Amino acid sequence: MIKFVFSLLSLIGLSCSMTGNGTDNPPNIKNMEKKNIGNLLALYPKPLTVVGTEVNGKVNWLVVGHTGIIGHDRILLSMSKQHYTNQGIKKSRKLSINLVSREMLSRADYVGSVSGASVDKSRIFDYHTGENGSPVIDESPLTMECNVTDIYETEGFDNFICTVINTYAAPEVLDHNGQLDYTRLKPVLFAFPTYSYLATGEIIGQCLNLDKKPGMCAKLPMSSDGIVRLSKIEVYPEFLDEYMSYATEVGEVSLRTEAGVLTMYAVSEKANPCMITILETYASQEAYESHIASAHFQKYKQGTLHMIKSLVLSDQTPLNSKNQINNFIQ
């Protein structure tokens with residue numbers, strides 16, 4: 001009996017030492033069982049691209065999804081040896097890499113499904129010749145002209161290592177500083193081996209800056225009981241500036257931290273700034289209830305009660321349920 005009690009006390013002591021908060025103890029890490037799914041190359045999706053070059057004196061296009069980055073100044077294009085396009089690249093050592101927008105996706109898919117050896121693909125896209133001598137697709141939101149610096153062969157593939165010579169960007173995909181804005185660019189993504197096309201997601205944070213301000217959290221999909229609402233608010237003029245401060249804070253915190261808050265976009269009338277309309281979309285009724293119970297919403301609600309002259313909540317029905325609004329905070 002004494003031996004049993006001693007053993008039990010030893011186990012209790014061991015348990016306390018393992019779950020305590022002392023700095024010498026390792027954290028309590030939950031074991032997660034992962035399934036081995038084989039030697040799957042799982043670094044997809046990648047931006048879908050159309051490569052342009054000349055083959056036997058004629059412009060040819062080929063959709064390429066196997067791309068990579070080497071260091072800070074090299075691009076890798078991995079293309080099956082059977083592609084007709086490879087002949088032109090090897091001869092000229094020049095090519096263009098054109099990012100694919102949704103509007104050009106069907107034609108990009110087509111140039112990847114037929115061979116330039118038997119089909120003239122030169123007229124599929126309107127193009128011009130870039131400064132480095134490569135064909136550049138006019139409607140591509142972003143194109144890079146490249147020189148091939150090396151060719152690395154693997155079984156069944158020619159792997160072209162390229163340097164970027166020129167980059168052309170449509171004005172609408174640049175921010176106010178003239179830099180690429182990927183929330184405007186929104187390139188189509190390609191996933192292998194499912195051969196699926198995907199859309200880019202929202203910004204969820206700024207690299208090396210997450211400790212200063214949280215980024216946008218990943219969002220839930222809209223469910224059958226999702227909410228689309230217009231909140232129409234009239235604010236007493238003497239409280240307008242103070243109200244704007246409250247509204248800006250609750251909107252930003254909600255978008256950054258609540259997965260079920262999909263949109264919170266506030267505008268005021270130019271003719272009467274005291275009339276404010278907020279477009280709010282919530283993934284579900286549960287997400288809405290969670291939102292109004294949150295500390296940041298309650299701070300807004302209680303802090304602005306005396307500022308609001310009138311409030312009308314008007315639920316809406318989307319005319320096209322396929323339309324989705326992406327709301328983000330920079």
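Taken over the stretch 175-204, residues that are open to solvent by 50 Å² or more (accessible area, probe 1.4 Å) and under 20 Å from TYR44 (Cβ atoms) amount to 12. For the stretch 34-53, the candidate set comprises residues that are surrounded by 21 or more Cβ atoms within 10 Å (Cβ to Cβ) and assigned to a strand (DSSP E or B); within that set, the residue that is farthest from the chain's Cα centre (by Cα) is THR53. When each of THR154, THR163, THR167 is tested for being surrounded by fewer than 18 Cβ atoms within 10 Å (Cβ to Cβ), more than 13 Å from VAL51 (Cα to Cα), in contact with a Cys (Cβ under 7 Å, 6 or more places away or on another chain) and of a type in the set (S, T, N, Q), the lone residue that passes is THR163. State yes or no: is ASN60 in contact with a Ser or Thr (Cβ under 9 Å, 6 or more places away or on another chain), surrounded by 10 or more Cβ atoms within 10 Å (Cβ to Cβ) and at pLDDT below 95? No. Quick one: which strands (runs of 3 or more DSSP E) lie wholly within the stretch 219-330 and hold at least 2 residues that are under 19 Å from THR183 (Cβ atoms) and open to solvent by less than 20 Å² (accessible area, probe 1.4 Å)? Because the criterion is at least 2 residues that are under 19 Å from THR183 (Cβ atoms) and open to solvent by less than 20 Å² (accessible area, probe 1.4 Å), the strands (runs of 3 or more DSSP E) in the stretch 219-330 that meet it are 261-268. For the stretch 131-151, which positions are within 26 Å of the chain's Cα centre (by Cα) and open to solvent by less than 60 Å² (accessible area, probe 1.4 Å)? Across the stretch 131-151, the qualifying residues are VAL136, ILE137, SER140, PRO141, LEU142, THR143, MET144, GLU145, CYS146.
For the condition open to solvent by 40 Å² or more (accessible area, probe 1.4 Å) and in contact (Cβ under 8 Å) with a residue 12 or more places away in the chain, GLU172 qualifies. Could you look through the stretch 84-118, keep only residues that are of a type in the set (Val, Ile, Thr) and part of a helix (DSSP H, G or I), and pick out the one that is nearest to GLU145 (Cα to Cα)? Taking the candidates together, the pick is ILE89.
Within the stretch 269-291, being of a type in the set (S, T, N, Q) and without any contact (Cβ under 8 Å) to a residue 24 or more places away in the chain holds for one residue alone: ASN272. Answer yes or no as to whether ILE204 is out of contact with any helix residue (DSSP H, G or I) (no Cβ under 6 Å at 6 or more places or on another chain) and either modelled with pLDDT of 85 or more or under 21 Å from ARG74 (Cβ atoms) (or both). Answer is no for this residue.
Of all residues in the stretch 73-130, those satisfying the criterion of being among the hydrophobic types (A, V, I, L, M, F, W, C), surrounded by fewer than 17 Cβ atoms within 10 Å (Cβ to Cβ) and over 22 Å from TYR182 (Cβ atoms) are VAL114, ALA117, VAL119.
If you go through the stretch 137-176 and keep only what is touching a Lys or Arg at 6+ places or on another chain (Cβ under 9 Å), over 18 Å from VAL188 (Cα atoms) and of a type in the set (Val, Ile, Thr), you end up with VAL148, THR149, ILE151, ILE161, THR163, VAL164, ILE165.
The values are calculated or read from the model by the stated rules, or taken from the named source; none is laboratory data. If you're wondering where the values come from, they're calculated on a predicted model, not measured in any experiment. Cβ coordinates were reconstructed from backbone atoms using ideal geometry, including for glycine residues, and neighbour counts include every protein chain displayed. Protein only, heavy atoms only, side chains kept; ligands, DNA and RNA dropped before computing areas. Shrake-Rupley method; radii C 1.70, N 1.55, O 1.52, S 1.80 Å.
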